[in-house]
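Following: one structure in structure tokens, then a few remarks.
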Amino acid sequence: MRTTRLLTASAVSAAAVAALGLAAPVAAARDGMNVNPSNIVVLPQVIARGGQITVTVDGCPAGGTMTSDAFGTATLTSLNGANQTARGTATISGNARPGTYDITVTCSGRSLTSPRAFTVLGGVRGGLGGGSSIGATPTDLAIGGGLVAAAVAGGGVFWMRRRAERRI
């Protein structure tokens, strides 16, 4: 009989320790002690100046901030989910230099940096400036009108010469 009581007491003790062991991490996560930002995802990863990126971070239940040399500082907003995810958007500065940029995320006082998280493309203004104006400029109209007039005059001369050849 003593053996049965000893085994029962051991089983009850083991169940109590197991229940306490499983409950401790949940309590720590609720207290914020076990919150670490992880898994930084940036979309799109290649963007032009003036474009907007979306950053998603796991392990950031209360939201936070994200910083980069390409856009300064932006806010991360908490999304209710299993991974304690936060998301934010940022607009790339119009004078950001082409190249790769890092992002640093700060959540609950803890930081994580993602090196080379995204790339900013550089633009080229080519041509004679036509890409910077909308519609036809007076210069465009003058050139186009001159070409049409030259075509009409050339067609008239050709028609007159063909007509003169038939008479001979």
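Here are the numbers:
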| read-out | value |
| --- | --- |
| Any pair with Cβ under 9 angstrom, 6 or more apart, that starts in the stretch 81-98 at a residue that is loosely packed, with under 11 Cβ neighbours inside 10 Å and ends at one that is among the small types (Gly, Ala, Ser) | Gly94/Gly50 |
| Tabulated pairs, the stretch 117-128, first part of a loop (DSSP other than H, G, I, E, B), second at pLDDT 55 or above and open to solvent by less than 40 Å² (accessible area, probe 1.4 Å), C-beta under 9 angstrom, 6+ apart or interchain | Gly122/Gly99 |
| Of all residues in the stretch 113-141 being among the hydrophobic types (A, V, I, L, M, F, W, C) and surrounded by 10 or more Cβ atoms within 10 Å (Cβ to Cβ), the one that is modelled with the lowest pLDDT | Ala136 |
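A quick yes/no check of all residues on (1) within 15 Å of Gly81 (Cβ to Cβ); (2) out of contact with any Cys (no Cβ under 9 Å at 6 or more places or on another chain); (3) open to solvent by less than 50 Å² (accessible area, probe 1.4 Å); (4) modelled with pLDDT under 90:
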residue: Arg30; (1), (2), (3), (4): no, yes, no, yes
residue: Asn34; (1), (2), (3), (4): no, yes, no, yes
residue: Ile40; (1), (2), (3), (4): no, yes, yes, no
residue: Pro44; (1), (2), (3), (4): no, yes, no, no
residue: Thr56; (1), (2), (3), (4): yes, yes, yes, no
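The values are calculated or read from the model by the stated rules, or taken from the named source; none is laboratory data. These numbers were taken from a predicted model, which means no experiment stands behind them. As a convention, Cβ positions derive from the backbone with ideal geometry for all residues, glycine included, and neighbour counts pool all protein chains shown. Areas reflect the complete protein model, heavy atoms only, side chains present, ligands, DNA and RNA absent. Shrake-Rupley method; radii C 1.70, N 1.55, O 1.52, S 1.80 Å.
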